[in-house]
Amino acid sequence: MSRGITTVDPATGEELAFYPFTTPDRLDRILENAAASPWGRSPVDERTGAITRLGDALAGRREELAALVTLEMGKPIRQARAEIDKCVGACRYYAAELPEFLRPESFDLDGDTAVVRIVPIGVVLSILPWNYPWWQVIRAMLPAIGAGNTVVLKHADSVTGTALAVEQMFREVFGPGVLQSVVADSGTASDLVADRRIAAVTFTGSDRVGALVAARAGTALKKCVLELGGSDPFLVLADADVPAAAAAAARSRFLNNGQSCIAAKRILVHRDVRDAFVDALVPHVEKLNVGDPTDEAVDVGPLARHDLRDTLREQRSRALADGGRVIAEAPAPDSGRGAWFAPSIVEVAGSGSVLLTDETFGPLGALSTGADDAELVALANSSRYGLSSSLWSADRDHAAAVGARLQAGAVFVNTISATDPRLPTGGVKASGYGRELGRWGVQELANVQALRIRGPRGAR
């Protein structure tokens, strides 16, 4: 039996392609090329020029790249195009802002000259998931590349075709050695973390695997950035615009087939507006168009893999057995081969339901109520996760006061959680540590180096 990865169309269950694992010799060459790349010595204007060209290349191949994403992971085609567009926007942002982010900062220290500068640390190993196969790369690695680092990418098995397209485009734009992709099993990926040529590791995925990556990186004394699971709360306060909140909750929960770390997984509603909120939410869920992700009219496609669907089915069954009840559902195709799941919202009581304690990575949401702000905040903070959150109130001061009590890496008021290249993204608690995007992402995987010089200029 050949050792490698076979990708599968999640909408049909049909096999797409077989990719052999990267051989040990090839892997060694990849690491050597990354370590020897002159990219870290390139001037800033050369880096911004390459990032500009990357944005142009993404825009020019938008349809082709989006179609491959849809084929490999089932993302509805309109959303796949939007993912590519978001990557283009991030390229434009970094091309414009990188010179300022990398500008050395000078100080006068008792007559000495001091400079703090951003210096690349070397080769970054990036282990990424499948749910946003292009945006994950841009979000996690473009700031690191802008800082002068090179990247070895171990992408998710199910989007190996996209991973190779990423590598090809980066090679065309940045030249050889700046971003290279490997096809590897988990054991090889673990060995890569400890390899002497790897300076730092970034991982996006489950907290279970993230803990293993962090332990391996810690043993090797490697910098590690983790963006892990999320069970994000969506709080609807008594003074919220209920129709707007309901529409946003449905969009956040079911965008990207429900497969987003920062989706509204736990909808927590003040009991005074519970009935009005449910009445407004149900039509948004029931009218979702679930089907062939290549269809322009489809809102929700299949889950990316069959095991993900099976996990979601088991979570829903447990929630219903514990007294939960389905309050909204959209029909899904009846297909034994596709990874289909009917988008649904289950109302649960108390804080012990699996839909409140565990992450649900797919189109399955939980709704629960609280008697007042304090109870809603307590429910929100009861999760072991702390990635992002969304909070709805007509009073900005009220919202800010409640939001300050949430244990999360980000709080969004009267809008859904979303990543933006201008803002840092990352979590607390079991959602990981470190930050990506903005100037924070550039500095996170860099050596913030202090230089202090004593003596007159020009002295020999």
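The values are calculated or read from the model by the stated rules, or taken from the named source; none is laboratory data. Quantities reported herein were computed from a predicted structural model and do not represent experimental measurements. As a convention, Cβ positions derive from the backbone with ideal geometry for all residues, glycine included, and neighbour counts pool all protein chains shown. Just the protein is used for accessible areas: all its heavy atoms, side chains included, with ligands, DNA and RNA removed. Shrake-Rupley method; radii C 1.70, N 1.55, O 1.52, S 1.80 Å.
Would you mind stating whether residue 393 is within 23 Å of residue 260 (Cα to Cα) and not charged (D, E, K, R)?
Numbers: within 23 Å of residue 260 (Cα to Cα): no; not charged (D, E, K, R): yes.
Spelling it out, it is not the case that residue 393 is within 23 Å of residue 260 (Cα to Cα) and not charged (D, E, K, R).
How many of the residues in the stretch 183-205 are within 22 Å of residue 162 (Cα to Cα) and either open to solvent by less than 30 Å² (accessible area, probe 1.4 Å) or of a type in the set (Val, Ile, Thr) (or both)?
Number satisfying all stated conditions: 10.
Specify which of the listed residues (435, 457, 405, 396) is open to solvent by 60 Å² or more (accessible area, probe 1.4 Å), under 26 Å from residue 135 (Cα atoms) and out of contact with any strand residue (DSSP E or B) (no Cβ under 6 Å at 6 or more places or on another chain). Step through it out loud before you land on a result.
On the way: 457 fails: under 26 Å from residue 135 (Cα atoms); 405 fails: under 26 Å from residue 135 (Cα atoms); 396 fails: under 26 Å from residue 135 (Cα atoms).
None of the other options fit; the residue is 435.
Looking at (1) in contact with a strand residue (DSSP E or B) (Cβ under 9 Å, 6 or more places away or on another chain); (2) more than 21 Å from residue 319 (Cα to Cα); (3) among the aliphatic types (A, V, I, L, M), which is the one condition that is false for residue 364?
(2)
Specify which of the listed residues (304, 247, 264, 220) is closer than 24 Å to residue 407 by Cβ and of a type in the set (A, V, I, L, M).
264
Among the residues of the stretch 263-271, are any assigned to a helix (DSSP H, G or I) and closer than 13 Å to residue 367 by Cα?
yes
Can you pull out every residue in the stretch 317-346 that is touching a helix residue (DSSP H, G or I) at 6+ places or on another chain (Cβ under 8 Å) and open to solvent by 10 Å² or more (accessible area, probe 1.4 Å)? Full working, then the answer.
Filtering the stretch 317-346 for residues touching a helix residue (DSSP H, G or I) at 6+ places or on another chain (Cβ under 8 Å) gives 318-319, 322, 324, 326-330, 339-341, 343-346.
If the condition is that a residue be touching a helix residue (DSSP H, G or I) at 6+ places or on another chain (Cβ under 8 Å) and open to solvent by 10 Å² or more (accessible area, probe 1.4 Å), then 318, 322, 324, 326, 327, 329, 340, 341 are the ones that fit.
State whether the residues of the stretch 209-226 include one that is free of Cβ contacts under 8 Å to residues at least 40 places away in the same chain, under 18 Å from the mean Cα position of the chain (by Cα) and open to solvent by 30 Å² or more (accessible area, probe 1.4 Å).
Restricting attention to the stretch 209-226, the residues satisfying the condition of being free of Cβ contacts under 8 Å to residues at least 40 places away in the same chain are 209, 211-212, 214-222.
Right, trim to under 18 Å from the mean Cα position of the chain (by Cα) and you get 209, 211, 214.
From what is left, the residues that are open to solvent by 30 Å² or more (accessible area, probe 1.4 Å) are 209, 211.
Yes, some residue in the stretch 209-226 is free of Cβ contacts under 8 Å to residues at least 40 places away in the same chain, under 18 Å from the mean Cα position of the chain (by Cα) and open to solvent by 30 Å² or more (accessible area, probe 1.4 Å).
Out of all the residues in the stretch 261-292, which are within 28 Å of the chain's Cα centre (by Cα), of a type outside the set (A, V, I, L, M) and surrounded by fewer than 24 Cβ atoms within 10 Å (Cβ to Cβ)?
Matches in the stretch 261-292: 284, 286, 287, 289, 291, 292.
In the stretch 161-183, is there at least one residue being modelled with pLDDT of 95 or more, within 26 Å of residue 431 (Cβ to Cβ) and among the aromatic types (Phe, Trp, Tyr)?
Among the residues of the stretch 161-183, not one is modelled with pLDDT of 95 or more, within 26 Å of residue 431 (Cβ to Cβ) and among the aromatic types (Phe, Trp, Tyr), which makes the answer no.
Would you check which residues across the stretch 168-182 are touching a Leu at 6+ places or on another chain (Cβ under 8 Å) and either among the hydrophobic types (A, V, I, L, M, F, W, C) or crowded, with 20+ Cβ neighbours inside 10 Å (or both) and list them?
169, 170, 173, 174, 179, 180, 181, 182
Determine which member of the set 72, 83, 63 is out of contact with any Asp or Glu (no Cβ under 6 Å at 6 or more places or on another chain), part of a helix (DSSP H, G or I), farther than 21 Å from residue 152 by Cα and open to solvent by 60 Å² or more (accessible area, probe 1.4 Å).
It is 63.
Of the conditions (1) in contact with a Pro (Cβ under 8 Å, 6 or more places away or on another chain); (2) open to solvent by less than 40 Å² (accessible area, probe 1.4 Å), residue 240 clears all except one; give me its number.
Exception for residue 240: condition (1).
Residue check, residue 250 against (1) buried (at least 24 other Cβ atoms within 10 Å of the Cβ); (2) without any contact (Cβ under 8 Å) to a residue 60 or more places away in the chain; (3) closer than 17 Å to residue 398 by Cβ, all met but one. Which one?
(3)
So the check is Cβ under 8 Å with 6+ separation or different chains; which pairs have a first residue in the stretch 424-446 that's in contact (Cβ under 8 Å) with a residue 40 or more places away in the chain and a second one that's among the aromatic types (Phe, Trp, Tyr) and open to solvent by less than 40 Å² (accessible area, probe 1.4 Å)?
Once the first residue is in contact (Cβ under 8 Å) with a residue 40 or more places away in the chain and sits in the stretch 424-446, its partners that are among the aromatic types (Phe, Trp, Tyr) and open to solvent by less than 40 Å² (accessible area, probe 1.4 Å) give 427/385; 429/385; 430/385; 431/385; 439/101; 442/101; 443/101.
Name the one entry in 380, 401, 394 that is assigned to a loop (DSSP other than H, G, I, E, B) and among the aliphatic types (A, V, I, L, M).
394
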